[in-house]
Amino acid sequence: MHNAAFDFLGIEGQYTAIEVPSGELASFMAKSGDGFDYLSLTMPLKEEVLGLDVRADSLTQRIQSGNTLVKRGESWDLTSTDGSGFVAALNNAGIQQLESVLILGAGGTARAVTGSLDSIAKNIHVLGRSSVRQAALESAIVESRFEYHRWSQDVDFSSYDLVVNTTPAGAADLLANAVPSKVNATLFDVIYKPWPTELAQRWSDCGGQVLNGLELLLYQGIDQLEIVLETSLDRALLAPHLRKVLTKAVR
């Protein structure tokens with residue numbers, strides 16, 4: 001996607017996937033960091049990077065997760081575009097204010113989503129398998145009302161106007177049985193391959209709006225580019241182009 005954006009914007013650059021094993025980010029940065037203008041991080045490096053000598057913004061510190069490292073002079077700035085990309089995808093779908101949100105899962109993506117929805121949603125509930133991560137999720141909230149619930153297959157989806165699935169592929173399949181026959185809410189499933197998930201298919205079959213992970217991938221990537229380039233991009237032109245590129249890439 002980034003290479004396609006470079007071509008579209010007329011920027012000379014190259015974006016390459018590099019496998020950095022867990023526990024080796026510090027050594028990679030020491031040996032190779034000077035060769036890059038920015039880095040996009042995936043888990044578990046989103047959390048590991050917080051232990052490096054980088055300047056993390058307040059949001060990143062609050063959600064304890066960063067996906068974007070940008071070189072500024074001799075230093076590296078760390079931020080997260082997972083949350084801002086999530087909100088941008090919601091805005092593109094016409095969703096701006098929410099009463100109650102249910103987030104499935106309690107990992108790094110869930111923290112980013114939780115932090116991004118603070119003040120946008122009045123009530124944020126998280127369904128997680130362990131209470132170990134409850135404190136970290138709660139610390140991402142400043143204004144919204146927060147509740148943490150232990151994982152259960154008996155979920156009342158009708159209580160929410162947005163449900164966000166941040167769990168790995170297949171982890172929420174059994175929850176499809178709890179989807180009511182008529183759905184008015186939106187499901188944002190951050191998975192994009194395989195697609196559709198059982199939960200997304202059931203949600204769509206019952207009349208609910210479904211957004212998939214490609215939208216999150218798209219808009220967090222555009223947010224990264226704006227941070228790196230230090231300029232606003234014409235999203236009305238760029239987003240449709242990159243959406244086609246992403247859709248073709250995951251087929």
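Key figures for this structure:
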{"quantity": "Whether region 1-132 is rounded, prolate or oblate, judged on the alpha carbon gyration tensor where a/c under 1.5 counts as rounded", "calculated": "oblate"}
{"quantity": "For region 121-195 versus region 1-57, the gap between their alpha-carbon centres in whole angstrom", "calculated": "30 Å"}
{"quantity": "Rough spin-label spacing in nm, given labels placed 7 Å along Cα→Cβ, for residue 205 and residue 75", "calculated": "5.4 nm"}
{"quantity": "Electrostatic dipole magnitude of the chain [Cβ: Lys, Arg +1; Asp, Glu -1; Cα centre; debye, to 20]", "calculated": "480 debye"}
{"quantity": "Fraction of beta bridges assigned by DSSP in the chain that are antiparallel (%, nearest 5)", "calculated": "25 percent"}
{"quantity": "Extension gain (nm, one decimal) between residue 227 and residue 193, 0.36 nm per residue minus Cα-Cα", "calculated": "9.5 nm"}
{"quantity": "Label point distance in nm, residue 182-residue 9, each placed 7 Å from Cα along Cα→Cβ", "calculated": "4.6 nm"}
{"quantity": "Region 38-114: C-alpha gyration tensor shape, a/c 1.5 cut-off, then a/b vs b/c", "calculated": "prolate"}
{"quantity": "Exposure ranking of 203, 151 by accessible area [1.4 Å probe, largest first]", "calculated": "151, 203"}
{"quantity": "Surface/4 of the Cα convex hull for the chain, nm²", "calculated": "13.4 nm²"}
{"quantity": "Using a Förster distance of 25 Å, the FRET efficiency for residue 139-residue 119 (Cβ separation, nearest 0.05)", "calculated": "0.95"}
{"quantity": "Over region 93-144: Kirkwood hydrodynamic radius from C-alpha pairwise inverse distances, Å", "calculated": "11.1 Å"}
{"quantity": "Percent accessible area from carbon and sulfur atoms, the chain, protein chains only, probe 1.4 Å", "calculated": "47 percent"}
{"quantity": "Integer Hz, Karplus 6.51/-1.76/1.60 couplings in order for region 58-64, x for Gly and Pro", "calculated": "5, 5, 4, 5, 5, 8, 6"}
{"quantity": "Residues residue 241 and residue 30, FRET efficiency given R0 of 45 Å [Cβ-Cβ distance, rounded to 0.05]", "calculated": "0.80"}
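The values are calculated or read from the model by the stated rules, or taken from the named source; none is laboratory data. The shown structure was predicted, so the numbers you read here are calculated from the model rather than taken from an experiment. Virtual Cβ from ideal backbone geometry, glycine too; neighbours counted across all protein chains shown. For the accessible areas, the whole protein counts, side chains as well, though only heavy atoms, and no ligand, DNA or RNA atoms are used. Shrake-Rupley method; radii C 1.70, N 1.55, O 1.52, S 1.80 Å.
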